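I have placed the structure first, in the form of C-alpha cells, so that the comments after it can refer back to it.
The values are calculated or read from the model by the stated rules, or taken from the named source; none is laboratory data. The model shown is predicted, which means the values in this text are computed figures rather than measured ones. Note: ideal-geometry Cβ built from the backbone for every residue, glycine included; neighbour counts use all protein chains shown. Heads up: the accessible areas ignore ligands, DNA and RNA and are worked out on the full protein's heavy atoms, side chains in. Shrake-Rupley method; radii C 1.70, N 1.55, O 1.52, S 1.80 Å.
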Amino acid sequence: MASRVAHRLSGLLPPARLGPGRGGRRRRRVTGEQRSGPRPDARDPQPLGAAVDELIAARGWRRQIGLRLVVQRWDELVGPSNARHSTPESYHDGVLVVRAESSTWASALRAIAPQLVAELNRRLGDGAVTLVDVRGPSAPSWHHGPRSVPGRGPRDTYG
C-alpha cells in the first residue's frame, strides 16, 4: 500500500534533480564565518593557562615575572638567616641590588654572590643577572628635626 501511495505522488512531484557525483548532493561554497571541525583549531577555546603564557611571551614580561617570583622566595635562594637580614632592592640591566642590615651580613652575602648569580640565571634564563650588588646599611643622617643647623653641625666635635 505504501508503494501505491509513493507511485501516485511521483506523478505529482517534480522529478528529483541529481547533480554530478556524490548522489546528487551539491557542495556549497563556504562564505563568511567558518566553524571549527572535529580537529583542534585556532578558533577553539583555549585553556586559560596557555592564553596567559601566550600573553606573557607576547608582551615580554617573562623575565620580570620570573624575577618577582624569585624575590618572593628570597629565603629559599639565600637561606632563612640571610633572608632575615637582607632584602632585594632593585633590578636594572642585569644588576640585582641587595640591601643588607649590617656590614657583616653584607660581607656574608658578597661571599655567596657568584652562586646567587648562577642560581638566578638557572631560574630566570641565561644572562638575566650579571651581577649581584650587595650594599650595607646607609649612613645615618645628622639632620633631624626642625631646628637642625645647616653645615657640618655636630661633626665638628669629632676631630
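Quick notes
- Computed about the Cα centre, the dipole magnitude for the stretch 69-144 is approximately 120 debye when only Lys and Arg (+1) and Asp and Glu (-1) carry charge, each at its Cβ.
- The mean accessible area for residues of the stretch 44-120, using a 1.4 Å probe and ignoring ligands and nucleic acids, is 65 Å² per residue.
- Added length on full extension, which subtracts the Cα-Cα distance from 0.36 nm per residue, Gln64 to Arg39: 5.4 nm
- The packing ranking, built from the mean of other Cβ atoms within 10 Å per residue, places the peptides 55-66, 110-121 in the order 110-121, 55-66, highest first.
- Computed from backbone phi, the HN-Hα couplings of the stretch 106-116 come to 5, 5, 5, 6, 4, 5, 9, 4, x, 5, 5 Hz, rounded to whole numbers (Karplus: 6.51 cos²θ - 1.76 cosθ + 1.60, θ = phi - 60°; Gly and Pro given as x).
- For the stretch 76-121, the alpha carbon convex hull comes to 69 Å³ per residue, rounded to a whole number.
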